[in-house]
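Colleague: Dumping the structure here so I can ask a few things about it.
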Amino acid sequence: VSTAARPLVSEDGRLTGAVVVYTDVTGWVESLAANQDLISNVSHEFKNPLNSIIGNVDLVLEEADSLPPHLAQRLLVVQRNAERLLELVADLTATTALNVHPKRTDLASLVETSLSSALASAQRSHVEIAADVPSPLWAYADPLRIGQVLDNLVSNAIKYSPDGGRISISATTDPEWVRLSVSDTGMGISDDDAAKVFNRFFRTESAQKAAIPGAGLGLSITRMIVERHGGSIMCESGEGQGSTFTVTLPAEGPPPSF
Ligand code: ADP
């Protein structure tokens, strides 16, 4: 059951009562579960044929020298798009089945790994990227999943920044929480949209107008991962003013039970 309540206030400001609405959401929850099943089954069925397309195209491209250049060029397009589809399928699968296994993890080394894998694409986009994070930086986190979160935030920061942009990664801590921020000087996000960017399939109008490719899935997966750690993620931005995404994670795991 979902509930919503509103106070009833008289003209002179006195509280005179309240309206409470109870809604039976069983049908909605059931259809959501059915949708998740459908997505997960379809994604699974897509994987084999896609892997077969990619495998065969890779084999042909190994002999690219013996192909007419215009055909090799077309095959590269097939290869790129098939890989993109496979990534999409992986993203869709991740939204339905996502497990995290947190342990004591050094976030500084995850930041370093994420930076080194983003370096080439940052250079291609003429974007500067730097991190100022204390090392070690301990948190209670699943290294694979939080690595994925960092990769996603950093690749978005590159993707949505014009040439000459700057990206910085910083951290703050308190006894309970570790906060990692990824800031960019890119196109930014309006106040209205900043609340929606974590919704599945949401993309801002500016991203679409600029024809920047994307499916609107990365941030919804990112939020899911962070929340499964008991943490949170927020976006501070403004149109044309760059963006800062801050991930908050628990500094320590639960105390051992005796
Ligand atoms: P994708 O980038 O594949 O579209 P995401 O879920 O990662 O999907 O992001 C959702 C949307 O949020 C993007 O389409 C874009 O409109 C906006 N967005 C995300 N990161 C940034 C950023 N660093 N700067 C500006 N807009 C962003």
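The values are calculated or read from the model by the stated rules, or taken from the named source; none is laboratory data. All figures in this text were calculated on a predicted structure; none of them were measured in a lab. When we count neighbours, we look across all protein chains shown, and the Cβ atoms used for this are built from the backbone with ideal geometry, even at glycine.
Colleague: Just one of Val149, Val197, Val182 is part of a loop (DSSP other than H, G, I, E, B), buried (at least 16 other Cβ atoms within 10 Å of the Cβ), among the hydrophobic types (A, V, I, L, M, F, W, C) and within 14 Å of the ligand (Cβ to nearest atom); which is it?
Modeller: Val197 is the lone residue from the list that is part of a loop (DSSP other than H, G, I, E, B), buried (at least 16 other Cβ atoms within 10 Å of the Cβ), among the hydrophobic types (A, V, I, L, M, F, W, C) and within 14 Å of the ligand (Cβ to nearest atom).
Colleague: Taking the options Ser206, Ser232, name whichever one is more than 17 Å from Ile169 (Cβ to Cβ), out of contact with any strand residue (DSSP E or B) (no Cβ under 8 Å at 6 or more places or on another chain) and of a type outside the set (A, V, I, L, M).
Modeller: Just one listed residue meets the conditions, Ser206.
Colleague: Additional query: Got at least one residue in region 205-219 being more than 8 Å from the ligand (Cβ to nearest atom) and closer than 22 Å to Gln148 by Cα?
Modeller: no
Colleague: Exactly one condition in (1) exposed (fewer than 14 other Cβ atoms within 10 Å of the Cβ); (2) not in a strand (DSSP E or B) is not met by Ala130; state its number.
Modeller: (2)
Colleague: Would you be able to tell me the number of residues in region 7-28 that are hydrophobic (A, V, I, L, M, F, W, C) and surrounded by fewer than 10 Cβ atoms within 10 Å (Cβ to Cβ)?
Modeller: 4
Colleague: Among the residues of region 224-250, count how many are touching a Pro at 6+ places or on another chain (Cβ under 9 Å) and buried (at least 18 other Cβ atoms within 10 Å of the Cβ).
Modeller: Number of matching residues: 3.
Colleague: Sticking with this one: Do you know which of the residues in region 220-243 that are among the hydroxyl-bearing types (Ser, Thr, Tyr) and within 9 Å of the ligand (Cβ to nearest atom) is farthest from Gly165 (Cα to Cα)?
Modeller: Ser220
Colleague: List the number of the failed condition for Ile221; all other conditions in (1) modelled with pLDDT of 95 or more; (2) buried (at least 20 other Cβ atoms within 10 Å of the Cβ); (3) among the β-branched types (Val, Ile, Thr) hold.
Modeller: Condition (1) is where Ile221 drops out.
Colleague: Restricted to region 185-194, and to residues that are buried (at least 20 other Cβ atoms within 10 Å of the Cβ) and aliphatic (A, V, I, L, M), which residue is farthest from Gly253 (Cα to Cα)?
Modeller: By that ranking, first place goes to Met187.
Colleague: Among the residues of region 166-184, which ones are touching a Ser or Thr at 6+ places or on another chain (Cβ under 6 Å) and either among the hydroxyl-bearing types (Ser, Thr, Tyr) or at pLDDT below 95 (or both)?
Modeller: Listed by number, the residues that qualify are Ser168, Ser170, Ser181, Ser183.
Colleague: Right, another one. Just one of (1) within 14 Å of the ligand (Cβ to nearest atom); (2) within 19 Å of the chain's Cα centre (by Cα); (3) modelled with pLDDT of 95 or more; (4) not hydroxyl-bearing (Ser, Thr, Tyr) trips up Val127, so point out which.
Modeller: Failed condition: (2).
Colleague: Now for a separate question. What's the number of the condition Pro255 fails, among (1) near the ligand (Cβ under 9 Å from one of its atoms); (2) on the phi < 0 side of the Ramachandran plot?
Modeller: Condition not satisfied by Pro255: (1).
Colleague: Give Ser121, Ser168 a once-over and let me know the one that is out of contact with any Gly (no Cβ under 8 Å at 6 or more places or on another chain), part of a helix (DSSP H, G or I) and surrounded by fewer than 18 Cβ atoms within 10 Å (Cβ to Cβ).
Modeller: Checking each option against the conditions leaves just Ser121.
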